[in-house]
Amino acid sequence: MQVSKEWLKTFIDIDVPTNELSEKITRGGIEVDDIIDYTADIKNLVVGYVKSVKPHPEADRLNLCEVDTGEEVTQIVCGAPNVQADSYVIVSKVGGRLPGGVKIKRAKLRGEVSEGMICSLQEIGVKEEFVPAEYQDGIFIFNTAQTPGEDALTALYLNDQVLEFDLTPNRKDALSMIGAAYETSALFGGDVKAPESSVSEIDDVITMNIENSDSEAVPFYAVREVKNVEIKPAPLWMQIRLIKAGIRPINNVVDISNYVLMEYGQPLHMFDRDTIGSDKIVTRLAKKDEAFTTLDGKERTLTENDIVITNGEVPIALAGVMGGLDSEVTAQTVNVVIESALFDPVKVRKTSSRLNLRSEASQRFEKGVSHEFILPAVNRAAHLLEKYAGGKTLKGIASEGALNLEPGVIQTSASFINNRLGTDLSHADILETLEKLGLGAEETSDGINVIIPSRRDDLKIPEDISEEVARIFGYDNIPSTLPEYSTITPGRLSDEQSEVRVIKRQLNAQGFSQAINYALTSKKRIGEFTDLSESLALLMPMSEDRAVLRTSLVPHLVDNAMYNVNRQQKNVSLFEIGKIFVTNGQDQLPDEVEMLAGIVTGEQHKTAWTQSFVPSDFYTVKGVLNALFAKLSLAERVSYVQAAPHDELHPGRTAEIYLDDKKIGFAGELHPQYAEDYDLGQTAVFEINLAEVLKIKTGSILYEFLPKYPSMSRDVALEVDSSVNVSEIIDVIKDAAPKYLTDVYPFDIYEGEHMADGKKSVALHLTYLNREKTLTDKDIEALHTPVEDALVKAGYTVRG
Amino acid sequence: MTVEMETIQLEFNDKLSAVDNSKALSDLRVEYLGKKGKVTGLMKEMKNLSNEERPAYGQKVNVLRNEIETAIAELETELSAAAMKEKLQAETIDVTLPGRTMDIGGSNPIDRIVEDIEDFFIGLGYEIKEGYEVEQDYYNFEALNLPKSHPARDMQDTFYISEEILLRTHTSPVQARTLEAQKGEGPVKIICPGKVYRRDSDDATHSHQFTQIEGLVVDKNIHLSDLKGTLELFAKEIFGDDREVRLRPSYFPFTEPSVEVDISCFKCKGAGCNVCKQSGWIEILGAGMVHPNVLEMAGFDSKEYSGFAFGMGPDRVAMLKYGIEDIRHLYTNDLRFIDQFIPTEDGGEAHASI
């Protein structure tokens, strides 16, 4: 909504600087997005009278004009095709300035002196799209006599600033000049003057009959008829005010309709009475696939949800959205029918958005128009047609339906308002504020009844009144307090939330940077690194790459690694904590599972001059996970099982991870082919179900007394088949020596020279501890011999 | 001292002066003090002496032995000190070479901002609630006073999966669900961070996925002034002590009254700069008093209970705080970007910077 200050002043006496007006309106709840100042960058612009025009002797397209600019008569060279003698024009004098940094100097054009410039509207800052058609290709010419030398901006009603309102959806009341005036009045005081809308009806009675066949779609429909109008340009002030409001003037009849729309926020439609084709207007819902040509010449196919205005037979307008081509006001129109109505907002919104026809009219119907302005608007239009189009208004208004002109009542109280706002306003303060807003107020025994005019039917509940009071009272004046709770509860992270933070810090400390990827991915990445083969799909994706919800975090981490490697970041370690989505069908909520995934590629922790680094292999990610499980007190419960669960992974270098007996994820190296497809070398990844991990409660640390007696150790060297996993050997050892064995770990694995084909050597270190006494050699012997026996029995060769 | 003894002493002195390493010294010790050593050999003379002479002779041998032992010990100390010195010299390294690399990773700036905000509100007694990213239309819209016909619900802005299932467009459904689970009993004090989705084309300032953090307080006697006080404290804590807060009336379907919250610009301190677009103020939050319809739909008596809610975008906060020029950097996971966010931060000089 663009509010001209000059126009606003016709509704309310307001004499404050534009900046102050704008600031106060903004702080009052309507953001003034921008101030369009038509006077900015303009100097020395006057009205000129063109006394004579003769062709430039040296240039076909130029004319030499003798122009009276008040103090003097000068020659100005003009190239506009519409320049003519005996006309009043806009002249930028020598020394003048125009928008865009243009300075007007005395010039010679092909040998002829030009002292100034005759201007078009565009040249003085009017947007091309709002310039009336007749002036679009030339200079502007006043349509009435002016005084030469007078300030042209004043003569043009452009000595003005326009406030651009960025209205929130609840402030439809300010979608009109009268609404802007009420808002100004609430903030600055002063009375709002309604526009003159008296009508001089002639004796002839209105000829149209109205019938609404669906009273929900069209609760009220009214028309007036004005005959014998003369189609011509509207008066200059009206045209310019429309331009300032962002509407292009067309002719007096159309302009009056738009002018009243801007005044009251009530869209009107003007029909050519003689092309309606009947004496009645019937409003109804369109028939399925009913065809209708709108006034832009396009044939529209309608649906049963569109409201149409018909002549009893065929549509003549699409209610609230656009008129019909056949009944449009044209240069030949003599008699008009003015429509002022109320339409179902939701239906208008659906129609306008389906047909992509959003207009000043439709956006007001969508938000709901004020009942109280429907009849004043139609009268105002008739009044203006009488005055500026020579029309005669027929007797009566034809209408059907009822308007709700009874003001609404909201029951509230000072204590309620003060409680919601945290203020200490008196009864009188509140009543005064309501009065400023133009709302009525009645004191009752236990509070205040606020009387709501229909222009503010957005106000429905006591909370709305608290907002109105707050914004007029001023948010700066509201005190600052902290809540006083009915019960004090501590604030803290949940166990899971604390653990997630610990995990993030630990991975950071191990060199992993935190990635955040998009949850939407392409269909072709579904099924990678997961057993899930189905995904949730968007109804209307914006691109194939973002069409479905991810089923694993790893594919995007692979993309991230590739992105970095391709930008000279060869050593990458990233982790991500985020959700995957397990579909339960498109019309059900999915299972959202929080996962932790990571990727390493290149050389980790690399020290170039010592040539040392940690490779990006399986054992690195396994080590990272082990440290994590140790931190979470779960290391003892986690096991790794050799597996080849997904095609994207190296079948020999991948393990599935179990927490107790539950599979929670995997760690492995990328399949070399897959890695190559993403420009990666040896790369290891992991992904675990974090939700499962966090679910486990491990409680406090259980402290053990330090042992008083020394531990003893023994090494075992074995020769085993290459295919034997170390974990199998350890299981054998643990089974054989359940007592006092506190630790067993492999310290050497060898395969190759000096070993038979298909064999490897495995050396393990065993630690025994009796917390009650020192173990003697004899004791160890007794413990260790069964271990060696068991290893032999298992088919391993114990080496000397 | 006998002549023999003197000879030994002189000879020893000669030999000792030639010793320059611990091996030679050890040999010398054996030569004189060993079982077959020269000093030890003197004792064998005892048997040729009379009983009267023996004690004096023995004493003399012991004096000689002590002298030799002392001399050896002294040289030993000297030699080992020299050897240590030499060893240290040999072991000297170039301390200006880089240390062994222990890489550390960076946090995504969004996460840093979210944790800072969480920690502030935890300090005020709030809990953190997270929820579904895929939501029912009901919790994302209807329970928040956005019925199906509401004009603010534009199909174009929402990623729908089916008619009733969608990607949440804000974290507010967490509030709706939390309220509902309270069965009409306060107090509720929660902070809800999380990913949200809008049907937007990605560019420098728009992202189809971004982050939101919302707060909700519901109890008896919660006032708009409590919201103002809480957010003032928040602005000072997160953005610096001299930050001011300004509320402007606004509109959200789920709050009434609704406000936009500006903080005085932390870069220019309100003087006007490119960060605040010359206004001195930065719009950072939307907030308001919880709409009674929202409370009622969740089972709260809106006469008895009231509350406030606020929401902000950590992506935007991160971009403002660090001057990040493109929102897509937050989701590209370029190490050159993330690893700028390794260091810890504090309030800076007098808590002046953000």
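Here, each number is a calculation from the coordinates, and none is a lab measurement. All figures in this text were calculated on a predicted structure; none of them were measured in a lab. Quick reminder, even Gly has a Cβ in these numbers, built from the backbone with ideal geometry, and neighbours come from all protein chains shown.
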Worksheet, complete the sentence: Yeah, the stretch B:1-95 with a ≥ b ≥ c from its alpha-carbon gyration tensor (a/c under 1.5 is rounded, else prolate when a/b outruns b/c, oblate otherwise) is prolate
Response to the item:
Under Stokes-Einstein, the stretch A:495-695 at 4 °C and 1.567 mPa s, with its Kirkwood radius over C-alpha pairs, diffuses with a coefficient in µm²/s of 75 µm²/s
Worksheet item: So what J values fall out for the stretch A:393-403 if you push phi through Karplus, 6.51 cos²θ - 1.76 cosθ + 1.60 with θ = phi - 60°, rounded to Hz, Gly and Pro as x?
Response: 8, 6, 6, x, 10, 8, 8, 9, x, 10, 9
Discussion item. What is the distance in Å between the Cα centroid of the stretch A:328-390 and that of the stretch A:395-416?
Written reply: 21 Å
Worksheet, complete the sentence: For A:Phe529, the net charge from surrounding residues (Cβ-Cβ under 11 Å; K, R +1; D, E -1) works out to -3
Worksheet entry | Residue order, fewest to most surrounding Cβ atoms within 10 angstrom, among B:His208, B:His150 | B:His150, B:His208
Fill in: Dipole magnitude of the stretch A:712-799, debye to nearest 20 (Cβ charges: Lys/Arg +1, Asp/Glu -1, about Cα centre)
320 debye
Discussion item. Just to confirm a number: summing +1 for Lys and Arg and -1 for Asp and Glu over residues other than A:Arg27 whose beta-carbon lies under 10 angstrom from that of A:Arg27, what do you get?
Written reply: +1
Item to complete: With +1 on each Lys and Arg Cβ and -1 on each Asp and Glu Cβ, and nothing else charged, work out how big the dipole of the stretch A:495-695 is about its Cα centre, in Debye to the nearest 20.
Response: 660 debye
Practice prompt. Multiply the residue gap between A:Asp296 and A:Asn82 by 0.36 nm, knock off their C-alpha separation, and tell me the result in nm, one decimal place.
Written response: 74.2 nm
Discussion item. On the Cα set of the stretch A:43-155, report Rg and Dmax in Å, please.
Written reply: 12.9, 36
Worksheet item: Based only on the alpha carbon positions, what is the Kirkwood hydrodynamic radius of chain A, in angstrom?
Response: 35.1 Å
Item to complete: Could you tell me which Cys residues in chain B have no other cysteine's Cβ under 4.7 Å from their own Cβ, answering none if every one has a partner?
Response: B:Cys192
Worksheet, complete the sentence: Surpassing 19 Å at the alpha-carbon level, of the pairs A:Lys708/A:Lys773; A:Lys350/B:Lys148; A:Lys5/A:Lys232; A:Lys127/A:Lys244; A:Lys697/B:Lys183; A:Lys5/A:Lys244, are A:Lys5/A:Lys232; A:Lys697/B:Lys183
Worksheet item: In sequence order, what are the phi-derived ³J(HN,Hα) couplings for the stretch A:175-189 according to the Karplus relation 6.51 cos²θ - 1.76 cosθ + 1.60 with θ = phi - 60°, rounded to whole Hz, with x for glycine and proline?
Response: 7, 8, 5, 5, x, 4, 5, 4, 5, 4, 4, 4, 8, 10, x
Fill in: Cβ-based exposure ranking for A:Leu384, A:Leu680, in which fewest neighbours within 10 Å come first
A:Leu680, A:Leu384
Worksheet entry | Neighbourhood net charge (12 Å Cβ-Cβ; Lys/Arg +1, Asp/Glu -1) for A:Pro590 | -4
Worksheet, complete the sentence: For the stretch A:551-591, the Cα gyration tensor yields equivalent-ellipsoid semi-axes (√(5λ), largest first, whole Å) of 31, 9, 5
Response to the item:
Reduced to Cα centres, the span from the stretch A:538-568 to the stretch B:68-108 in Å works out to 53 Å
Worksheet, complete the sentence: Neighbour-count ranking for A:Ile410, A:Ile118 (other C-beta within 10 angstrom, fewest to most) reads A:Ile410, A:Ile118
Response to the item:
Placing +1 on each Lys and Arg Cβ and -1 on each Asp and Glu Cβ in the stretch A:410-477, then taking the dipole about the Cα centre, the residue among A:Leu439, A:Thr412, A:Ser426 whose Cα reaches farthest towards the positive end is A:Leu439
Worksheet item: Efficiency by 1/(1 + (r/R0)^6): what FRET value for B:Asp242 and A:Lys9, r their Cβ-Cβ distance, R0 = 41 Å, to the nearest 0.05?
Response: 0.50
Worksheet, complete the sentence: PRE zone check, label point 7 Å out along Cα-to-Cβ of B:Gln182, amide N under 16 Å, scope the stretch B:285-309, hits B:288-309
Worksheet entry | Translational D in µm²/s for the stretch A:201-401 (Stokes-Einstein at 25 °C, 0.890 mPa s, Kirkwood Rh from C-alpha pairs) | 148 µm²/s
Item to complete: Calculate the length of the line joining the C-alpha centroid of the stretch B:286-319 to that of the stretch A:114-190, in whole Å.
Response: 41 Å
Response to the item:
Scoring chain A by relative contact order with C-alpha pairs under 8 Å, at least six apart, yields a percentage of 8 percent
Worksheet, complete the sentence: Taking a ≥ b ≥ c as the square roots of the Cα gyration tensor eigenvalues, with a/c under 1.5 meaning rounded and otherwise prolate when a/b beats b/c or oblate if not, chain B comes out prolate
Response to the item:
Simple spin-label estimate for A:Asn449/B:Glu6, 7 Å along Cα→Cβ, in nm, reads 14.2 nm
Practice prompt. Would you work out which of B:Tyr322, B:Ala271, B:Val19 lies farthest towards the positive end of the dipole of chain B, given +1 charges on the beta-carbon of Lys and Arg and -1 on that of Asp and Glu, about the Cα centre?
Written response: B:Val19
Item to complete: For helix A:18-27, report the angle its Cα long axis makes with the longest principal axis of the Cα atoms of chain A; keep it between 0 and 90° and round to the nearest 10°.
Response: 50 degrees
Worksheet item: Over chain A, what is the percentage of antiparallel beta bridges among all DSSP beta bridges, to the nearest 5?
Response: 95 percent
Response to the item:
Under 11 Å by backbone N from the virtual spin label 7 Å along Cα-to-Cβ at B:Glu304, the residues of the stretch B:168-185 are B:184-185
